[in-house]
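**Student:** Quick one: this structure, given as structure tokens, is what I'll be asking you about.
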Amino acid sequence: MMRQYSIVDRKLVESPDGQCPITLYAGPTEAERRQLIEELKVDEHTLASALDPDELARLEFEPEHAAIIFKRPRNYSSVDQFMFKVSSAGVFFFRDHIVIVVGEDGNLFDGIQWARVHSPAGVILKLISRAIIHFREHLKAISMISDELQGEINTSMENKHLINMFALQKSLVYYVNSINSNGALLERLKVYASKIGFDTEELEILDDITIENSQCYRQAEIYSNILASLMDARASIVSNNINVLMKTLNIITIAIMVPTFVVSAFSMNVPLPLPQEGRQWPFYAIMGLAVLSVAGFLWFWRKKKW
């Protein structure tokens, strides 16, 4: 799907005009891809990289444009099963306009941060800045989910919570790599700032974005290291919960077997040294021995501190 935007009073406004300086292709069709390749001379490999979630962020210069590939998080869905995924986006910067290619739209131009743009070059910085903000929001969500799962693991004997933790850990690894890749892209943008055409204000914004990305990278790295270091401990907690359950079941089984043995001994079809005809006390005596056996077992259990 193709949409076009103009910059009016430092705001991004969607416009049907065919001469707009900003064109967005969200999930481009095969016909739109051919148009980009044949009419705008976009490299086919670079275009495929803009839609490849495993591609690294980078900056390339073609004869007629500059190609910028950066990483951004995908919108989380419940079907992802605690897996936070990343995607790639491509910006093709021509002399008088830019073309943005993303695999999914996800309300790319929503938010108050689009209220202060004055050039297509500034839109590029805003896109990267929005991706960093999105990464930070997802990191907070991952931290909250991790805390909730940890509470479930402490009392659970199932593996599903542990599997969800592994999914979060895998997500953080992808996030760390993506944010680090964006950091390398920002450094290259600073080196080639004059060639791209950033003005003084945009250079200051670029410096701020670089600092924000560095902070986001350290935060993701800390979360990843903490989660990885605690995974073995959390796996041990699940194993220990199972051991405690088995211990409890064994104690209950033994506690039932002790009085059962006493009653069974007096129920055998052999002569016993207890007169029974017309008397009730042997029954109560046997039941009392069963109760005493249980009490003796409980005393032994507490003494051994099982």
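**Student:** Among the candidates E187, E221, single out the residue that is closer than 29 Å to G151 by Cβ, in a helix (DSSP H, G or I) and in the same structural domain as E137 (by TED's automatic domain parsing).
**Tutor:** Result of the check over E187, E221: E221.
**Student:** Would you mind stating whether L162 is buried (at least 16 other Cβ atoms within 10 Å of the Cβ), assigned by TED's automatic domain parsing to the domain that holds S77, within 13 Å of the chain's Cα centre (by Cα) and not hydroxyl-bearing (S, T, Y)?
**Tutor:** no
**Student:** Scan (1) at pLDDT 90 or above; (2) within 15 Å of D96 (Cβ to Cβ) for the single condition Q19 breaks and write down its number.
**Tutor:** Result: Q19 fails condition (1) only.
**Student:** Hey, another quick one. Quick one: what pairs do we get from the range 77-90, first residue touching a residue at least 60 places away in the same chain (Cβ under 8 Å), second of a type in the set (G, A, S) and surrounded by 21 or more Cβ atoms within 10 Å (Cβ to Cβ), C-beta under 9 Å, 6+ apart or different chains?
**Tutor:** Pairs that qualify, where the first residue is touching a residue at least 60 places away in the same chain (Cβ under 8 Å) and the partner is of a type in the set (G, A, S) and surrounded by 21 or more Cβ atoms within 10 Å (Cβ to Cβ), are F82/S171; M83/S171; F84/S171; K85/S171; V86/S171; V86/S178.
**Student:** Sticking with this one: Of the conditions (1) at pLDDT 80 or above; (2) over 30 Å from E62 (Cα atoms); (3) out of contact with any Ser or Thr (no Cβ under 8 Å at 6 or more places or on another chain); (4) surrounded by 15 or more Cβ atoms within 10 Å (Cβ to Cβ), N225 fails just one. Which one is it?
**Tutor:** The one condition N225 does not meet is (4).
**Student:** Out of curiosity, is S87 crowded, with 17+ Cβ neighbours inside 10 Å, within 18 Å of K126 (Cβ to Cβ) and assigned by TED's automatic domain parsing to the domain that holds Q169?
**Tutor:** Here the answer is yes, as S87 does meet what is asked.
**Student:** As an exercise: evaluate V13 against (1) part of a loop (DSSP other than H, G, I, E, B); (2) more than 30 Å from V191 (Cα to Cα) and give the number of the one condition it does not meet.
**Tutor:** (1)
**Student:** Out of R3, R58, R33, R74, which single residue is within 22 Å of I179 (Cβ to Cβ) and crowded, with 17+ Cβ neighbours inside 10 Å?
**Tutor:** R74
**Student:** Out of all the residues in the range 57-110, which are of a type in the set (G, A, S) and modelled with pLDDT under 90?
**Tutor:** Selection gives S77, S78, G103, G106.
**Student:** A follow-up question, please. Taking P63, is it in the same structural domain as Y175 (by TED's automatic domain parsing), touching a residue at least 24 places away in the same chain (Cβ under 8 Å) and not in a helix (DSSP H, G or I)?
**Tutor:** Considered against the rule, which asks whether it is in the same structural domain as Y175 (by TED's automatic domain parsing), touching a residue at least 24 places away in the same chain (Cβ under 8 Å) and not in a helix (DSSP H, G or I), P63 comes out as no.
**Student:** Residues of the range 191-218 being hydrophobic (A, V, I, L, M, F, W, C) and either part of a helix (DSSP H, G or I) or free of Cβ contacts under 8 Å to residues at least 12 places away in the same chain (or both), which ones?
**Tutor:** Passing the criteria: V191, A193, I196, L203, I205, L206, I209, I211, C216.
**Student:** Shifting gears a bit: Being farther than 23 Å from F93 by Cβ and either crowded, with 19+ Cβ neighbours inside 10 Å or of a type in the set (K, R) (or both) is the filter here, so list the residues in the range 124-155 that pass it.
**Tutor:** R136, H138, L139, K140, I142, S146, L149, I153
**Student:** Something else: Hey, among the residues in the range 40-55 that are closer than 12 Å to F94 by Cα and hydrophobic (A, V, I, L, M, F, W, C), which one's surrounded by the fewest Cβ atoms within 10 Å (Cβ to Cβ)?
**Tutor:** L40
The values are calculated or read from the model by the stated rules, or taken from the named source; none is laboratory data. All values derive from a computational prediction rather than experimental measurement. Glycine gets a Cβ as well: all are built from the backbone with ideal geometry, and neighbour counts include every protein chain shown.
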